[in-house]
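*Asks:* Here it is: the structure, laid out below.
The values are calculated or read from the model by the stated rules, or taken from the named source; none is laboratory data. If you're wondering where the values come from, they're calculated on a predicted model, not measured in any experiment. Positions of Cβ are generated from backbone atoms using ideal geometry, with glycine treated the same way; all protein chains shown enter the neighbour counts.
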Amino acid sequence: MSNNIAIAIDGPAGAGKSTIAKLIAKRKGYIYVDTGAMYRAMALYFIEQGIGADEQERISKAAPGVDVTITYKNGEQIVWLNGRNVNGLIRTEEVGKMASSSSANSEVRKKLVELQQALARKESVVMDGRDIGTCVLPDADVKVYLTADSHVRAVRRYEELRAKGQECDLDIIEKDIIDRDNQDMHREISPLRQAEDAVLLDSSSMTIEQVADAIMDLCDQGVK
């Protein structure tokens, strides 16, 4: 019987899942598994191969041969795509849109879920994504559904991009977020939804530290 602990954080795009999950992992001393980054790495591969988001057959054929792994060096997560560090390439809007489309593909999901579950068997983990508590780690010790108003999420993303010196349009970002929510919630395979035993946290008017504290409290209550 494994003594490893699993914390699952699900929610829509831009809710702050990755930021919070990293903070919780650091506080608890667990491994942070960035599932979104894994899907983004796979999406980057498809883009680089000239495969379109609507070419599901080509995506299905290519997915099993793609190697995506995560390692840590000096506390920094490194995402590897076929042996290449792609940290600096996977956070674009183009890759995000492709990831949302390709993550609905059964072959893509099968490949990445296997790796995510294997990591959770070996280590205590904090994992964030769209279906961690419902599909990937249904027996997670703590489950959180983290959300925020779509406008709040758009403003956060806008400020993040502006801070990086990128030109962007707030209205376009908000429309993309709403479209992505709709796509994620209505996809056929593992749609985005709150697990029955997940705790709902709306971070619209909460600071990062307040959200993290709330989840740490849940960990104290739910993990022996």
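*Asks:* Would you call residue 174 assigned to a loop (DSSP other than H, G, I, E, B) and more than 19 Å from residue 20 (Cα to Cα)? Outline the logic, then answer.
*Replies:* On the way: assigned to a loop (DSSP other than H, G, I, E, B): no; more than 19 Å from residue 20 (Cα to Cα): yes.
No.
*Asks:* Considering 212, 195, which residue is in a loop (DSSP other than H, G, I, E, B) and under 25 Å from residue 138 (Cβ atoms)? Please lay out each step first, then the result.
*Replies:* Values: 212 fails: in a loop (DSSP other than H, G, I, E, B).
When all the criteria are applied, what remains is 195.
*Asks:* With (1) within 20 Å of residue 191 (Cα to Cα); (2) crowded, with 20+ Cβ neighbours inside 10 Å as the list, and residue 90 as the residue in question, which single condition is left unmet?
*Replies:* Residue 90 satisfies all of (1) within 20 Å of residue 191 (Cα to Cα); (2) crowded, with 20+ Cβ neighbours inside 10 Å except (1).
*Asks:* Give the number of residues within the range 8-41 that are at pLDDT 95 or above, touching a Gly at 6+ places or on another chain (Cβ under 9 Å) and hydrophobic (A, V, I, L, M, F, W, C).
*Replies:* Summing the residues that are at pLDDT 95 or above, touching a Gly at 6+ places or on another chain (Cβ under 9 Å) and hydrophobic (A, V, I, L, M, F, W, C) in the range 8-41 gives 2.
*Asks:* Could I ask something else about it? How many residues does the range 162-189 hold that are surrounded by 12 or more Cβ atoms within 10 Å (Cβ to Cβ), of a type in the set (A, V, I, L, M) and more than 19 Å from residue 10 (Cα to Cα)?
*Replies:* Of the residues in the range 162-189, 3 are surrounded by 12 or more Cβ atoms within 10 Å (Cβ to Cβ), of a type in the set (A, V, I, L, M) and more than 19 Å from residue 10 (Cα to Cα).
*Asks:* Looking at the range 155-169, which of its residues are within 19 Å of residue 88 (Cβ to Cβ), among the basic types (Lys, Arg) and in a helix (DSSP H, G or I)?
*Replies:* Across the range 155-169, the qualifying residues are 157, 162.
*Asks:* If you scan the range 109-154, which residues turn out to be assigned to a helix (DSSP H, G or I) and among the charged types (D, E, K, R)? So that I can check it myself, show each step before the final result.
*Replies:* From the range 109-154, those assigned to a helix (DSSP H, G or I) are 109-122, 132-136, 150-154; that's our starting set.
Of everything in the range 109-154, those that are assigned to a helix (DSSP H, G or I) and among the charged types (D, E, K, R) turn out to be 109, 110, 111, 114, 121, 122, 153.
*Asks:* Restricting attention to the range 111-131, report how many residues are in contact (Cβ under 8 Å) with a residue 24 or more places away in the chain and either hydrophobic (A, V, I, L, M, F, W, C) or more than 24 Å from residue 179 (Cα to Cα) (or both). If you could, list the steps in order and put the result at the bottom.
*Replies:* If we filter the range 111-131 for residues that are in contact (Cβ under 8 Å) with a residue 24 or more places away in the chain, which is where we start, we get 111-112, 115-116, 119-131.
Pick out the ones that are also either hydrophobic (A, V, I, L, M, F, W, C) or more than 24 Å from residue 179 (Cα to Cα) (or both) and you get 111-112, 115-116, 119-127.
Residues that pass the stated criteria total 13.
*Asks:* Could you please let me know if residue 192 is surrounded by 12 or more Cβ atoms within 10 Å (Cβ to Cβ), of a type in the set (A, V, I, L, M, F, W, C), at pLDDT 90 or above and within 16 Å of residue 9 (Cα to Cα)? Show your work before the answer.
*Replies:* On the way: surrounded by 12 or more Cβ atoms within 10 Å (Cβ to Cβ): yes; of a type in the set (A, V, I, L, M, F, W, C): yes; at pLDDT 90 or above: no; within 16 Å of residue 9 (Cα to Cα): yes.
Taking the combined requirement at face value, the residue does not satisfy it.
Per-residue answers, yes or no, for (1) touching a Leu at 6+ places or on another chain (Cβ under 8 Å); (2) of a type outside the set (A, V, I, L, M, F, W, C); (3) under 26 Å from residue 194 (Cα atoms); (4) free of Cβ contacts under 8 Å to residues at least 40 places away in the same chain:
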site	(1), (2), (3), (4)
21	no, no, yes, no
30	no, yes, yes, no
39	yes, yes, yes, no
55	no, yes, no, yes
63	no, no, no, no
71	no, yes, no, yes
77	no, yes, no, no
84	no, yes, no, yes
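*Asks:* From 90, 70, grab the single residue that is closer than 15 Å to residue 18 by Cα, among the aliphatic types (A, V, I, L, M) and modelled with pLDDT under 90. So that I can check it myself, show each step before the final result.
*Replies:* Details: 90 fails: modelled with pLDDT under 90.
Selected residue: 70, the only one of 90, 70 that is closer than 15 Å to residue 18 by Cα, among the aliphatic types (A, V, I, L, M) and modelled with pLDDT under 90.
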